[in-house]
């Protein structure tokens, strides 16, 4: 897993992600700090980082370096694949998360491909407390767009290498790999939807 800290000198694409992601606490990225990649079954090693604080974050917002982010194997449904994004408190004290994470597909260079995930049901999400070692999850719905856009129009398909995940109200993105190429629409068509974090179980 690699963490990417948002900072000055953002590209226009990155700025769009920043403005979009802040509703659930996300932002665009700049240079990555290297650590081990995540997989559906792997436990990633994180590199401690610090970054800006979102004024809309919970009072006890989980620190970036106290969160481990992983992704489940997909569960296929009608026209979509569903993933569970897990956020685990690896710190020694309880902390809080609220709202939907920011999610996008990126290539090997970290460039975003297509639109960021639409954050759904995120108007008034509850604040969740994570005790040390506890996890919360957010459901990511990815429309099955292969080979030719699937049910979507205006969706030329390209492939990335990972999802870039911003925990709710965090400006530090985490690169999370699935072990497979990640399809994306190379257009302004939305193909990802993500829900607020909820208690795991």
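The values are calculated or read from the model by the stated rules, or taken from the named source; none is laboratory data. Just so you know, these numbers come straight off a predicted model, no measurement behind them. Here Cβ is always computed from backbone atoms with ideal geometry, including for glycine, and neighbour counts include all displayed protein chains.
Could you pull out the residue among 136, 103, 69 that is in contact with a strand residue (DSSP E or B) (Cβ under 9 Å, 6 or more places away or on another chain), under 19 Å from residue 189 (Cα atoms), touching a residue at least 60 places away in the same chain (Cβ under 8 Å) and not in a loop (DSSP other than H, G, I, E, B)? Steps first, answer last, please.
Values: 136 fails: under 19 Å from residue 189 (Cα atoms); 69 fails: under 19 Å from residue 189 (Cα atoms).
The conditions single out 103.
The set of residues in region 91-122 that are under 18 Å from residue 58 (Cβ atoms) and in contact with a helix residue (DSSP H, G or I) (Cβ under 7 Å, 6 or more places away or on another chain) comprises 91, 95, 102.
Of the residues making up region 106-118, just one is over 26 Å from residue 136 (Cβ atoms) and not in a loop (DSSP other than H, G, I, E, B), namely 113. Summed over region 85-100, residues that are in a loop (DSSP other than H, G, I, E, B) and crowded, with 22+ Cβ neighbours inside 10 Å total 2.
Condition check ((1) at pLDDT 95 or above; (2) more than 20 Å from residue 196 (Cβ to Cβ); (3) more than 18 Å from the chain's Cα centre (by Cα); (4) surrounded by 21 or more Cβ atoms within 10 Å (Cβ to Cβ)) across all residues:
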| position | (1), (2), (3), (4) |
| --- | --- |
| 67 | yes, no, no, yes |
| 78 | no, yes, yes, no |
| 83 | yes, no, no, yes |
| 141 | yes, no, no, no |
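Looking only at residues in region 169-201 that are within 13 Å of residue 86 (Cβ to Cβ) and in a loop (DSSP other than H, G, I, E, B), the one that is farthest from the chain's Cα centre (by Cα) is 201.
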